[in-house]
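K.L.:
One structure follows; several queries about it will come next.
Derivation of every value follows stated rules applied to the coordinates shown; laboratory data play no part. Note that the structure is predicted; figures quoted are calculated from it, not measured. Cβ placement follows ideal geometry from the backbone for every residue including glycine, while neighbour counts extend to all protein chains displayed.
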Amino acid sequence: MRKIQTLYQFECKVFQQINSHFDKRIMNLYFRTITHIGGVLFISVTTLLLIIFATNQTRLTAISSAAALALSHIPVQLVKKFFPRKRPYLQIETTKILPNPLKDHSFPSGHTTAVFSVIVPFLVQLPSLIAILLPLGLSVGVSRIYLGLHYPSDVIAGGFLGAFFGSLCYYFIV
């Protein structure tokens, strides 16, 4: 139990360090914008457009991304329901947040799960995209911490969950 408390305290320090930059104008603009890439509307529309307009191998990869996106959110919702974790802004008084923050549970990060479930199939198909897609996925994850909505472990779990389903769907579909 003591080790868990020590890990939680460390995680809170990391969270606070990232969230403490909330008032920096350029960072705020960047993270408030990039976070939407992991949102349901943007990621679903982008994946659908890739399925419609891409050809051959890229279309199959987009289909595997769409499948991973859909399948990965089943465990996200189950974990949020059965292992409720309050969002950090509800636990840490000094957290800086935007108006009207999310009120559901924080573990795991759905935005991070979504972005990694979609980008991993493309990283497997075209490893040369790593320089673009990996920083994009990591930025979405960090944005969730920066905006006061997730602990680092929420984001890490979401990244692993998305990457797992992205890899699995790519393997079975492509």
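K.L.:
Under a cut-off of 21 Å between alpha-carbon atoms, report the lysines in cross-link reach of Lys96, not counting same-chain residues fewer than 8 places apart.
P.N.:
Straight-distance partners of Lys96: Lys13, Lys24, Lys86.
K.L.:
Rounded to the nearest 0.05, what FRET efficiency do Ile173 and Val40 give with R0 = 30 Å and r taken as the Cβ-Cβ distance? Could you check?
P.N.:
0.90
K.L.:
Another question, if that's okay. With 15 Å as the cut-off, how large is the P(r) tail for the stretch 22-84, expressed as percent of Cα-Cα pairs?
P.N.:
Result for the distance tail: 64 percent.
K.L.:
Work out how much length Leu71 to Ile4 would gain on full extension: take 0.36 nm times their residue separation and subtract the Cα-Cα distance, in nm to one decimal.
P.N.:
21.1 nm
K.L.:
Need the full-extension length gain, Leu29 to Val124, defined as separation in residues times 0.36 nm minus the C-alpha distance. One decimal, nm.
P.N.:
The span from Leu29 to Val124 would gain 31.1 nm if fully extended.
K.L.:
Still on this structure, I have one more. Running a GNM on the chain with Cα contacts under 10 Å, which residue among Leu126, Leu134, Leu50 ends up with the highest mean-square fluctuation?
P.N.:
Leu126
K.L.:
What's the Cα-based Rg to Rh of the stretch 103-160, Rh via Kirkwood?
P.N.:
1.02
K.L.:
Now for a separate question. How about the stretch 93-152: which trypsin sites (Lys or Arg not before Pro) there are in a DSSP loop, with at most 13 other Cβ atoms within 10 Å of their Cβ?
P.N.:
Lys103
K.L.:
Okay, moving on. Between Ile132 and Lys96, with labels modelled 7 Å along Cα→Cβ, what's the label distance in nm to one decimal, could you check?
P.N.:
3.2
K.L.:
Ok, one more. Per DSSP H run of n ≥ 4, the term is -39500 (n - 2.57); total these for the chain, divide by its residue number, and report the mean residue ellipticity at 222 nm rounded to 500 deg cm²/dmol.
P.N.:
It lands at -24500 deg cm²/dmol.
K.L.:
Another one. Let me check against my output: what whole-number percent is the relative contact order of the chain, with C-alpha pairs under 8 Å and at least 6 apart?
P.N.:
About 33 percent, as a whole number.
K.L.:
Let me ask another. With springs connecting C-alpha atoms under 10 Å apart, model the chain as a Gaussian network and identify which of Ser64, Ser109, Ser128 has the largest mean-square fluctuation.
P.N.:
Between Ser64, Ser109, Ser128, it is Ser128 that shows the largest mean-square fluctuation.
K.L.:
To one decimal place, what orientation-averaged projected area in nm² is obtained for the convex hull of the Cα set of the chain?
P.N.:
Averaging across all directions leaves 10.6 nm² for the Cα convex hull.
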